[in-house]
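Report on the structure given below.
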Amino acid sequence: MNDKAAEAQKSNKAREELIKENEQNILKIASKTCGKYVTKSDDEWSVALIAFNRAIDSYSPESGDFAAYSGRVMKNALIDHHRSEVRYASEISVSDEVFSGAGEYEENSEIIKAVVRDGKEETARREEQGNIREEILEVSERLQKYGFTFYDVAKASPKAEKTKQECVKVLTYILSDPKLTQKVIQSGRLPAKDISRITGAAIKLLDRYRKYLVMGVVILNGEYPLLADYLKYINEGKEGAP
């Protein structure tokens, strides 16, 4: 599919063929990301399709496998779309009659607006928590092939500030090299000697926090934006991580 994506950048016909071949996959990703059954009649289909086209335009061999790359682009676009929809919904009035200044509603209109706004924010919070849980389940499923889960690593994440910074340095190095990133994701292992030589991180640290670093690579590679924020909280030592 990588070659087809490269060809689609040059030819409209090749682009149309690639889109047609991937219609069901686009719908599948949209449905999974949105947590509902998506058809071509839904707005989410248009959002995903536009994102798929954008993935074609921005694809390069350094991006890795096109199927995985386009999936990440579509998922992020759909999440952004959902968030913008929630923000818009929170601004909608209850009704013109309620806020027209008639009868008992006049002096309480601001209270009613606040109740509606808070209700929308609570709905958005719950939906985001649901999305985080979905990402955790997906990550755990992927990590199981390496012999551990998200929860195993979360309990053994680095605590000391110096250790956190060392892990951040290692993750930054790995993610800056697409080939190394894919190698780590495919094997669940770290080329410890090479990483230690280039980053200065101790091999003992790499061995001790291998699971944490592998999980970090999987999450920060772009498919899990909400958990990427979670990992940022851990690395920065901030309060309030999900």
Given a cut-off of 28 Å, name the pairs among Lys75/Lys145; Lys10/Lys179; Lys4/Lys75 whose C-alpha atoms lie farther apart than that in the structure shown. none
Cα→Cβ-extended label distance, 7 Å offset, between Glu7 and Arg189, nm: 3.6 nm
Over the stretch 2-85, relative contact order from alpha-carbon pairs under 8 Å, at least 6 apart, %: 31 percent
How much length would be gained if the chain were fully extended between Arg83 and Gln144, taking 0.36 nm per residue of separation minus their Cα-Cα distance, in nm to one decimal? 18.9 nm
Expected output is a single nm value to one decimal: the length gained when fully extending between Lys28 and Thr172, i.e. 0.36 nm times separation in residues minus the C-alpha distance. What is it? 48.7 nm
Relative to the present Cα-Cα distance, how much length would full extension add between Ser46 and Glu16 at 0.36 nm per residue of separation? 9.3 nm
Sorting check: for 53-61, 204-212, which peptide has the highest mean count of neighbouring beta carbons within 10 Å, and how do the rest follow? 204-212, 53-61
Residues Lys204 and Glu161, FRET efficiency given R0 of 22 Å [Cβ-Cβ distance, rounded to 0.05]: 0.75
Using +1 on the beta carbon of Lys and Arg, -1 on that of Asp and Glu, and nothing else charged, what's the dipole of the stretch 2-85 about the Cα centre, debye to 20? 120 debye
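The numbers here are math on the coordinates, done by the rules we state, and not lab data. Every value quoted in this text rests on a predicted model; they were computed, and no experiment measured them. Methodologically, a virtual Cβ is constructed for each residue, glycine included, from the backbone with ideal geometry; neighbour enumeration extends over all protein chains shown.
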